[in-house]
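Following: one structure in structure tokens, then a few remarks.
The values are calculated or read from the model by the stated rules, or taken from the named source; none is laboratory data. Because the structure is a prediction, the values reported are computed rather than measured. Cβ sites come from the backbone with ideal geometry, for glycine too, and all protein chains shown count toward neighbours.
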Amino acid sequence: MKLVSMMRRMAAMAACLPVALAMGQDAPAAVTVIHCPSLFDSAAGKMLGPTTVVISGDKFQKVEPGTQSEPGATVIELTGATCLPGLIDDHVHLDMEFGRNAYMEAAHLNFANMVLRSTLYARRTLLAGFTTVRNVGDHDYDTVSLRDEIAAGRVIGPRIFTAGPPISTTGGHADWSNGLSMDLQGDPGPLQSIFNGPDEARKVVRLHYKEGADLIKAMPSGGVMDLGTNGSGPQMSEDEIKALVDTAHDYGMKVAVHAHGAEAIRRSVVAGVDSVEHGTFMDDEDIRLMKEHGTFYCPTVYTGQYVAEQAKKGMYPPAVTRKALEVGPQIMKTVTRAYQGGVKFAYGTDAGVYPHGQNWEDFIYLVKAGLPPAYTLQMATINAAELLGHQDELGTVSAGKYADLVAVPGNPLDDIGAMSKVSFVMKAGVVYKRDGQEVLTQ
Ligand SMILES: [Zn+2]
């Protein structure tokens, strides 16, 4: 009965399709001209002078020096501002925000609460200037649905590429049954994103593909925020990681790994993962291997500081407190060493462990760790787009790419703090924020 009604719905939808397509063809693309007093050229890592950006529909049509006009176009003057490509955060968790009650809430919240909150977090993220995010770990594929609802224009938020739920081994960092009494644990397996052995690794990746994930996020080392005792030791064998990576790549999906310890990082890089997240205890051999393999590093540097601060205030259970105090100070030093060692960086914050909408905090801490301001802006634009595998559509203000553009007051190369004051946000040609105020689009 259920199947019959579903098929009827699909038939009705198919009947409407030609009408919808015809409507799309008839609508002329609106043209907008933006006058930028200066524009960050993310490909060259340089600031350009006055620039005219012409947008047609959801794409950039022309980018020209000087102040040009276009007949019949809507004109936006961004006086006193610096324009940048829409920002990209390659490490967020849009369906959670880790507060004092997080561990209690995990047991008591309804799934719907998490989903509803994710719409608020998505909106905050977009208004902070992040027009694209990579969601690396959710609950039951809820960010697959969030991605699709945002893409359809029914929810306001950034463009999402999502990994679905994080993949872990039994008792590992993302085994959600850790800490539950034994009679509540059940026996989570691939359907719950928990696996053991290469065969189950292949199955868990295929299940993610089937459910609509864009990429894979795996947890080959312990972590800080779970209740386990070891925050950095390996939790996947080499053949397990290799099976995950090879299968994911077969399906055109990239692999991001959460890894704190040196051995877990080494195993992951050798297996061919696309990015290492956190990388706290990365050693010189890991740095050498990451450079050799072209593995991206998403350092989540502010989260390291944030969890250490929260731990000092007694916000976490004792097991988490101990690990948080260890990780925070270490991560700044690792960022400096990895940059000096020639590792490629992409901007990834772990927003969700700290409040969404403050994704700019990492710019401040990356500069404190010694990275040039221009490089941190490249991390959040062209590099982040490359890690997504969408550098042809995102990451620079160039003709033919999605019209994602933000503006900040002043010059972020002189004062990186400007990145906390995003005053203008356009995503795919639609303005969501102007003069520092949200623009109502619905
Ligand atoms: Zn994370």
Of (1) among the charged types (D, E, K, R); (2) without any contact (Cβ under 8 Å) to a residue 24 or more places away in the chain; (3) closer than 20 Å to VAL335 by Cα, GLU263 satisfies every one except (2)
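Rundown of residues vs (1) at positive phi; (2) modelled with pLDDT of 95 or more; (3) outside any helix (DSSP H, G or I); (4) within 16 Å of the ligand (Cβ to nearest atom), yes/no style:
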site	(1), (2), (3), (4)
LEU146	no, yes, no, no
VAL155	no, yes, yes, no
ILE160	no, yes, yes, yes
PRO165	no, yes, yes, yes
TRP176	no, no, yes, yes
GLY179	yes, no, yes, no
ASP183	no, no, no, no
Taking segment 323-368 as the region of interest, how many residues are in contact (Cβ under 8 Å) with a residue 60 or more places away in the chain and either of a type in the set (Ser, Thr, Tyr) or away from the ligand (no atom under 16 Å from the Cβ) (or both)? 9
Picking from ALA385, ALA403, which residue would you name as being crowded, with 18+ Cβ neighbours inside 10 Å, touching a Leu at 6+ places or on another chain (Cβ under 7 Å) and among the small types (Gly, Ala, Ser)? ALA385
All conditions in (1) within 16 Å of the ligand (Cβ to nearest atom); (2) over 25 Å from PRO373 (Cα atoms) are true of VAL92 except (2)
Just name the residue that is nearest to the ligand (Cβ to nearest atom) out of those in segment 273-322 that are in a loop (DSSP other than H, G, I, E, B) and surrounded by fewer than 16 Cβ atoms within 10 Å (Cβ to Cβ). PRO317
When you check GLY348 against the structure, is it part of a loop (DSSP other than H, G, I, E, B) and surrounded by fewer than 20 Cβ atoms within 10 Å (Cβ to Cβ), yes or no? no
Which residue pairs have Cβ atoms closer than 7 Å, lie 6 or more positions apart in sequence or on different chains, and pair a first residue in segment 229-248 that is in the same structural domain as ALA271 (by TED's automatic domain parsing) with a second residue that is part of a loop (DSSP other than H, G, I, E, B) and polar (S, T, N, Q)? SER232/THR280
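Residue-by-condition table, conditions (1) within 16 Å of the ligand (Cβ to nearest atom); (2) closer than 26 Å to ALA319 by Cβ; (3) not assigned by TED's automatic domain parsing to the domain that holds ARG147:
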| site | (1), (2), (3) |
| --- | --- |
| GLN68 | no, no, yes |
| ALA73 | no, no, yes |
| LEU78 | no, no, yes |
| ALA81 | no, no, yes |
| PHE98 | yes, yes, no |
| GLU105 | no, yes, no |
| LEU109 | no, yes, no |
Report yes if SER193 is polar (S, T, N, Q), touching a Gly at 6+ places or on another chain (Cβ under 9 Å) and within 16 Å of the ligand (Cβ to nearest atom), otherwise no. yes
Given the criteria assigned by TED's automatic domain parsing to the domain that holds VAL63, surrounded by fewer than 23 Cβ atoms within 10 Å (Cβ to Cβ), hydrophobic (A, V, I, L, M, F, W, C) and modelled with pLDDT of 95 or more, does ALA369 qualify? no
What are the pairs with Cβ atoms under 9 angstrom where one residue, in segment 285-311, is within 17 Å of LYS254 (Cβ to Cβ) and the other, located anywhere, is aromatic (Phe, Trp, Tyr)? Sequence gap at least six, or different chains. MET290/PHE296; MET290/TYR297; PHE296/PHE345; TYR297/TYR339; TYR297/PHE345; CYS298/PHE345; CYS298/TYR347
Hits in segment 120-142 (condition: in contact with a helix residue (DSSP H, G or I) (Cβ under 7 Å, 6 or more places away or on another chain) and in a helix (DSSP H, G or I)): ALA122, ASP142
Selection from segment 98-121 of residues crowded, with 19+ Cβ neighbours inside 10 Å and in contact (Cβ under 8 Å) with a residue 60 or more places away in the chain yields PHE98, TYR121
Tally of residues being within 21 Å of GLU105 (Cβ to Cβ), out of contact with any Ser or Thr (no Cβ under 7 Å at 6 or more places or on another chain) and within 16 Å of the ligand (Cβ to nearest atom) across segment 123-141: 4
Just checking, which of ALA385, ALA380, ALA407 is at pLDDT 95 or above, assigned to a strand (DSSP E or B) and away from the ligand (no atom under 16 Å from the Cβ)? ALA407
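Yes or no, residue by residue, for (1) closer than 22 Å to ASP435 by Cβ; (2) surrounded by 16 or more Cβ atoms within 10 Å (Cβ to Cβ); (3) at pLDDT below 95:
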site	(1), (2), (3)
THR32	yes, yes, no
CYS36	yes, yes, no
ALA44	no, no, no
VAL54	yes, yes, no
GLN61	no, yes, no
THR82	yes, yes, no
PRO85	yes, yes, no
MET96	no, yes, yes
